[in-house]
Amino acid sequence: MVKIGIECHLQLNTRSKIFCGCSTKQVDDPNSNVCEVCCGFPGSKPVLNKEAFEKALKIATALNCKINKKTFFSRKSYFYPDLPKNFQITQYDFPIGINGSFSGVKIKRIHLEEDPGALIHKTSYCLVDYNRSGIPLVEIVTEPDFKDPKEVREFLKKLITDLSYLDVYDKKSEFALKADLNVSTTGAKVEIKNVTGLKDIEDALSYEIERQQKDAPKSNETRGWNSDKGITFLQRVKESEDDYGYITETDLPVIEISDNLVNKIKKDVPELSEEKTSRFTLQYQLRESDAKVLSSNKKLAHLFEEVAKKVDPDIAAKWIIRDLSNQLNYHKKTLDEANVKPGDMIDLLKLFEDKKITDNTAKEVMIKIITEKNFSPLKYIETNNLIMKSDTSQIEEWCKKAIEESSDAVESYKNGNEKSLNFLVGKIMELSNKTANPDVARKILVKFIKK
C-alpha cells in the first residue's frame, strides 16, 4: 500500500528577512545581502518580522487550521555548512496552525522558519552563499493521505492557485516552492529532500514508488533527487526528531495570538478558487469546466468579471479561455506582461457581441492587444475599415468572384462535400478583408450555386 505525505516549503513575499532587516531580493553577488543576524554572529539577536508572521497566519487560516493562541520558536540543531549558527530557528512544539484541511487532504501543521544558506557545488569543491540565510519560509505538512503522485501534483496546483489569491508567497523566485516527499510502500519511510517543480515532484515520487516495490528499504532513509538522470539517490539514514535536539529559542518571546488578530486575518482571506468556481457557475451560468479554468488564475478571474459587467458572460468566458489564453501561451506572456486591459477586451467583445465585427477580425485584434503597446482596438478597427458588412449587393459581388475563381470547390460542393462551402466562405472573407458577414455570405453562396 502506497502512502505519501509532503512537507511543502513556501518562500513568503516579505520585503525583509524573517529575523533581520536584510532585503529578500535576490542578488547575484554572493554573501553581499547579509548581516550579523542572518550570518549568526555571536551576540546578534533576532527580531521577528511581523509581516512574515501575519502571512503565515493567513495561510493557516485559509487552510482551515486550528490556530494556536500561544506559539514560540525553537532551535533545531544540526551541523551543515549552509547553517551558520549550527541551528535553524523554527517552530516545533506549538506551530501557528494544526489540524487543517485543504482539497480533501488533512494538514498536520503549518509553521514558520528561516531558510539556511545555499551550497554552490563545483567540480572538486563546494562554496557557501549566505544571501538566502534568514529568508522567511512557511512549511505546510500534510498527513500521508496521498495514494499516487498525480494526486500530489493536483493538490500542489490547487495550493499554488489559492496562495496566489492570498498574495503571500514569492512565485517569481526559483525557490518559491520546494517539497520534501515522504514515501512508504512497506513500512519503512523514505524522505526525498528539496524537490522543486511540479513535474519533478511527480517524477521523483513515481520513481521512488517503483524502486521500493522492486527493492523494499530495510530502514528509514533520506534521499535526494537527480532530475537529469530521473533517479533518487541515498544521502543518509533518516534521522529522528530527537536527533535535532530541539530547545526553546530564548532570544524570541512567546507570541500570544489575540482573537482580534485572528478575526482580522479571517476578513482578509479572499474568496478562493473553489468558492469562485461555484459562484461563477451559479452567477454567470458558466459550465463548471470553464469556471474552473477562469478561477485557476486570480488575474484571469478578475479580468473575466470586469468584462462580464458589459459583455455577455458566456462570450466573455469563451474568448478569454480560448483565444486570449492560447495567444498568451503562444507568445509566452503573462497577463501582466501583455498588459491586457479590461477596457480593451470590453471594446473588442462588445463589437463582436453586437455582430459589428467578424470572428476573424476579433481574433486578429486580440493578438494585437497582447503584442502591441498602447494599442486601441476601436481605433484600429475604424482605421482599417473592419466593421462587418452585411450589405447584400456588396457580398453578392464577392460571392460571384469567389465562385468564378474556385470552380473546383463549387463542383465539390454540388457533389455533396459540405466542407467545400467553408472553403468558399473563407475565400469571401479573404476578398472582403475579413469584413463580410459570413452568415449572409453562406446563404448567398448556396442560392447562387443551386441556380
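The values are calculated or read from the model by the stated rules, or taken from the named source; none is laboratory data. Please read all numbers here as calculations on a predicted model, not as lab measurements. All Cβ positions, glycine included, derive from the backbone under ideal geometry; neighbour counts span all protein chains shown.
For region 47-77, the set of residues classified as touching a Ser or Thr at 6+ places or on another chain (Cβ under 8 Å), under 17 Å from Glu249 (Cα atoms) and part of a loop (DSSP other than H, G, I, E, B) consists of Asn49, Phe72, Phe73, listed by residue number. Here is a list: Glu208, Glu154, Glu191. Which entry is part of a strand (DSSP E or B) and among the acidic types (Asp, Glu)? That would be Glu191, the only listed residue that is part of a strand (DSSP E or B) and among the acidic types (Asp, Glu).
Counting only residues that are of a type in the set (Ser, Thr, Tyr) and modelled with pLDDT of 90 or more, which one in region 349-407 is surrounded by the most Cβ atoms within 10 Å (Cβ to Cβ)? Break it down stepwise before answering.
Within region 349-407, the first condition is being of a type in the set (Ser, Thr, Tyr), and the residues that meet it are 358, 361, 371, 376, 380, 383, 390, 392-393, 406-407.
Next, from what is left, pick out any that are modelled with pLDDT of 90 or more: 361, 371, 376, 380, 383.
On the way: Thr361: 24, Thr371: 12, Ser376: 16, Tyr380: 17, Thr383: 9.
Across region 349-407, the extreme among qualifying residues is Thr361.
Collect the residues in region 209-233 that are acidic (Asp, Glu) and surrounded by 15 or more Cβ atoms within 10 Å (Cβ to Cβ), keeping them in residue-number order. Once the filter is applied, which keeps residues that are acidic (Asp, Glu) and surrounded by 15 or more Cβ atoms within 10 Å (Cβ to Cβ), region 209-233 yields only Glu221. Taken together, the residues in region 45-54 that are touching a residue at least 12 places away in the same chain (Cβ under 8 Å) and out of contact with any Phe, Trp or Tyr (no Cβ under 8 Å at 6 or more places or on another chain) amount to 5. Asn297 meets each of the listed conditions (1) at pLDDT 95 or above; (2) surrounded by 15 or more Cβ atoms within 10 Å (Cβ to Cβ) apart from (1). For a quick check of your reading of the model, give me the residue pairs whose first member lies in region 261-285 and is acidic (Asp, Glu), whose second is in a helix (DSSP H, G or I), with beta-carbon atoms closer than 7 Å and at least 6 apart or on different chains. Hits for this filter: Asp268/Lys58. Within the bounds of region 78-90, is there any residue that is in a strand (DSSP E or B) and over 30 Å from Glu208 (Cβ atoms)? Yes, region 78-90 contains a residue that is in a strand (DSSP E or B) and over 30 Å from Glu208 (Cβ atoms).
If you check Ile89 against the conditions, is it under 19 Å from Lys17 (Cβ atoms) and crowded, with 22+ Cβ neighbours inside 10 Å? Spelling it out, it is not the case that Ile89 is under 19 Å from Lys17 (Cβ atoms) and crowded, with 22+ Cβ neighbours inside 10 Å.
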